[in-house]
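Written below as structure tokens is the structure these notes are about.
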Amino acid sequence: MTPVLLVALGAAVGAPIRYAVTHHLRDRGATTHAGTLIVNVVGSLVLGLLVGGGAGDGATALVGIGFCGALTTMSTLALELWDSVIERRSHHAVASVVLHLVLGFGAAWLGWAVVS
């Protein structure tokens, strides 16, 4: 299977999961920010597991680039941060950035450490 097809297959799974997680949490009263944080941290963990486990080119294309690329979302995070700033909730924007960086890096490290 070609790398492009593997990326497309992974993305076809990752994007709907991101959508489902965000909407599931929002339907239960959580903010959209919570869904974005969760998918970004989970994606970081999966990437850490993948890299730490020494995945080959096929797995990297399917899971790392396709699945995690579609599951995680920098653009949504940027929009949510922009909305927070426009709504004069800068403290919320700063807290979100810190949480994404600390939890994302921590999850990536944890995944890498588990399989290394």
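We did not get these values from a lab; they are worked out from the coordinates using the rules stated. What you see is a predicted model, and the numbers here were worked out from it, not measured in a lab. We place every Cβ from the backbone using ideal geometry, glycine too, and count neighbours over all the protein chains shown.
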Practice problem: Using only alpha carbon pairs under 8 Å that are at least six residues apart, calculate the relative contact order of the chain and give it in whole percent. | Solution: 40
Quiz item: For the stretch 26-74, what is the convex hull volume of its Cα atoms per residue in Å³?
Solution: 66
Self-check item: the stretch 3-115: equivalent-ellipsoid semi-axes (sqrt of 5 x gyration tensor eigenvalues, Cα, Å)
Solution: 26, 16, 11
Exercise. In whole Hz, with x marking every Gly and Pro, tabulate ³J(HN,Hα) for the stretch 97-104 from phi via Karplus 6.51 cos²θ - 1.76 cosθ + 1.60, θ = phi - 60°.
Key: 4, 4, 4, 4, 5, 5, 5, x
Self-check item: C-alpha long axis of helix 32-52 to longest principal axis of the chain, angle in °
Solution: 30
Practice problem: Would you give the gap between the C-alpha center of the stretch 8-23 and the C-alpha center of the stretch 56-80, rounded to a whole Å? | Solution: 10
Exercise. Just order 105-113, 41-49 by mean Cβ neighbour count inside 10 Å, highest at the front, would you?
Key: 41-49, 105-113
Quiz item: Over the stretch 44-110, what is the mean sequence separation of C-alpha contacts under 8 Å (at least six apart), divided by residue count, expressed as relative contact order in percent?
Solution: 56
Quiz item: By average Cβ neighbour count within 10 Å, what is the ranking of 77-90, 60-73 from highest down?
Solution: 60-73, 77-90
Practice problem: Assign unit charges at the C-beta atoms only (+1 for Lys and Arg, -1 for Asp and Glu), then state the dipole size of the stretch 6-116 relative to its Cα centre in Debye, rounded to the nearest 20. | Solution: 180
Quiz item: Which of the listed residues, 104, 38, 69, is farthest toward the dipole's positive end in the stretch 3-115, when Lys, Arg count +1 and Asp, Glu count -1 at the beta-carbon?
Solution: 38
